[in-house]
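Reading through the structure tokens given below for one structure.
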Amino acid sequence: MCLNRKDLGLLALRGAVGGVLIAHGTQKLFGWFGGSGLEGTTQAMEHMGFHPARQSALAAGLGEAGGGALLVAGLATPAAGAVVAGTMAGAVAVHAPSGFFVMSGGYEYPAFLGATGLALGLAGPGRYSLDHLTGHAFDRPWVGLVAFAASAASAYGVVARRRHVVRLREERAAVEAQTQEGSGLS
């Protein structure tokens, strides 16, 4: 058997990106690697404007850990890439107000992970994968189309709902501030 550089590269990329996503997801779900677990993640999701917060925390953790595990294995790669891209879209929405660069709290890192998941979902896993071993049973073009369409629609809905909640909070805070100013309590 002759090793193929492209397939080795895809294996390395899947392992690196998938491993990072597994670590982040298990932080959210189980509190591993210094994470806050599901309860802490639920509180953070509530604070960030994701509703319902517990379901959002569970979806984020499963999207990262599950999508990452599927990428590492090279199984259902189009669906895995779609899940990762959609999950990271939510993270990008949270970090976008801080600009691009991660050093200032920006969205650079989640955008990179999402774009990499998207690229792997489109490119496929390569020969060194469970998809290849199973004859690409879960790596069909229609799987990719359905997965990316569902992921895009879900991400749009989650981000739009979050944006609405954040806007309502800002409006409520503005009204409360005006009320305090008008009462002489400032």
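If I fit a long axis through the Cα atoms of helix 108-123 and take the longest principal axis of the Cα atoms of the chain, what angle between them do I get, 0 to 90°, rounded to 10?
With both axes taken from Cα atoms, the answer is about 30 degrees.
Taking the Cα atoms of the chain, what is the range of coordinates along each of the three principal axes, in descending order and whole Å?
The Cα atoms of the chain stretch 81, 34, 28 Å along their principal axes.
Please work out the Kirkwood hydrodynamic radius for the stretch 1-56, using every pair of different C-alpha atoms, and report it in angstroms with one decimal place.
13.0 Å
Quick one: which residues, 5+ away or cross-chain, put their amide H under 5 Å from the amide H of residue 106? H built at 1.01 Å from N.
The list, which skips near neighbours in sequence, is 101.
Would you calculate a helix-derived [θ] at 222 nm for the chain, using -39,500 (n - 2.57) for each DSSP H run of n ≥ 4 and dividing by the full residue count, to the nearest 500?
-26000 deg cm²/dmol
Suppose a student asked you for the relative contact order of the chain, using Cα pairs under 8 Å spaced at least 6 residues apart; what percent would you report?
22 percent
With springs connecting C-alpha atoms under 10 Å apart, model the chain as a Gaussian network and identify which of 176, 108, 39 has the largest mean-square fluctuation.
Looking only at 176, 108, 39, the biggest GNM fluctuation is shown by 176.
Let's test the formula: R0 of 41 Å, r as the Cβ-Cβ distance of residue 175 and residue 149. What FRET efficiency results, to the nearest 0.05?
Computed FRET efficiency for residue 175 and residue 149: 0.55.
Would you mind checking the stretch 126-155 for residues with the amide N under 16 Å from a putative spin-label position 7 Å along Cα→C-beta of residue 2?
Flagged as within label range: 127.
Give me the Å³ per residue figure for the convex hull around the C-alpha atoms of the stretch 103-186.
Per-residue hull volume (Cα only) is 118 Å³.
Could you compute the net charge surrounding residue 41? Neighbours are other residues with a C-beta less than 13 Å from the C-beta of residue 41; K and R count +1, D and E count -1.
That sum, taken over residues with Cβ under 13 Å, equals -1.
Would you please put 124-136, 81-93 in order of how densely packed they are, using the mean number of other Cβ atoms within 10 angstrom per residue and starting with the highest?
Top of the packing list down: 81-93, 124-136.
So what J values fall out for the stretch 152-163 if you push phi through Karplus, 6.51 cos²θ - 1.76 cosθ + 1.60 with θ = phi - 60°, rounded to Hz, Gly and Pro as x?
5, 5, 5, 4, 4, x, 5, 5, 5, 5, 4, 4
Roughly how far apart, in whole Å, are the Cα centres of the stretch 135-186 and the stretch 93-107?
A separation of 16 Å, based on Cα centres.
In whole angstrom, how long is each semi-axis of the equivalent ellipsoid of the stretch 58-100, when you take the square root of 5 times every eigenvalue of its Cα gyration tensor and sort them from largest down?
The equivalent ellipsoid of the stretch 58-100 has semi-axes of 22, 10, 7 Å.
With viscosity set to 1.567 mPa s and temperature to 4 °C, compute the Stokes-Einstein D of the stretch 41-121, Rh being the Kirkwood radius across alpha carbon pairs; µm²/s, no decimals.
101 µm²/s
Taking θ = phi - 60°, what integer Hz values does the Karplus form 6.51 cos²θ - 1.76 cosθ + 1.60 yield along the stretch 98-107, in sequence order, with x for Gly and Pro?
Result, ordered by residue: 8, x, 7, 6, 5, 4, 10, x, x, 8 Hz.
Ignoring ligands, DNA and RNA, what percent of the accessible area of the stretch 45-186 is carbon or sulfur (1.4 Å)?
68 percent
Which whole-number value in Å² is the accessible area per residue of the chain, probe 1.4 Å?
That works out to 56 Å² per residue.
All other residues with a Cβ under 15 Å from the Cβ of residue 71 taken together, and with Lys, Arg as +1 and Asp, Glu as -1, what is their net charge?
Net local charge, residue 71 excluded: -3.
With θ taken as phi - 60° and the coefficients 6.51, -1.76 and 1.60, list the Karplus ³J(HN,Hα) couplings across the stretch 66-81 in order, rounded to whole Hz; mark glycine and proline as x.
For the stretch 66-81, the Karplus-derived couplings read x, x, x, 5, 5, 5, 4, 6, x, 10, 6, 4, x, 5, 4, x Hz, x marking Gly and Pro.
The values are calculated or read from the model by the stated rules, or taken from the named source; none is laboratory data. Not measured: the values here are computed from a predicted model. Glycine gets a Cβ as well: all are built from the backbone with ideal geometry, and neighbour counts include every protein chain shown. Accessible surface is based on the protein model in full, side chains and every heavy atom, while ligands, DNA and RNA are left aside. Shrake-Rupley method; radii C 1.70, N 1.55, O 1.52, S 1.80 Å.
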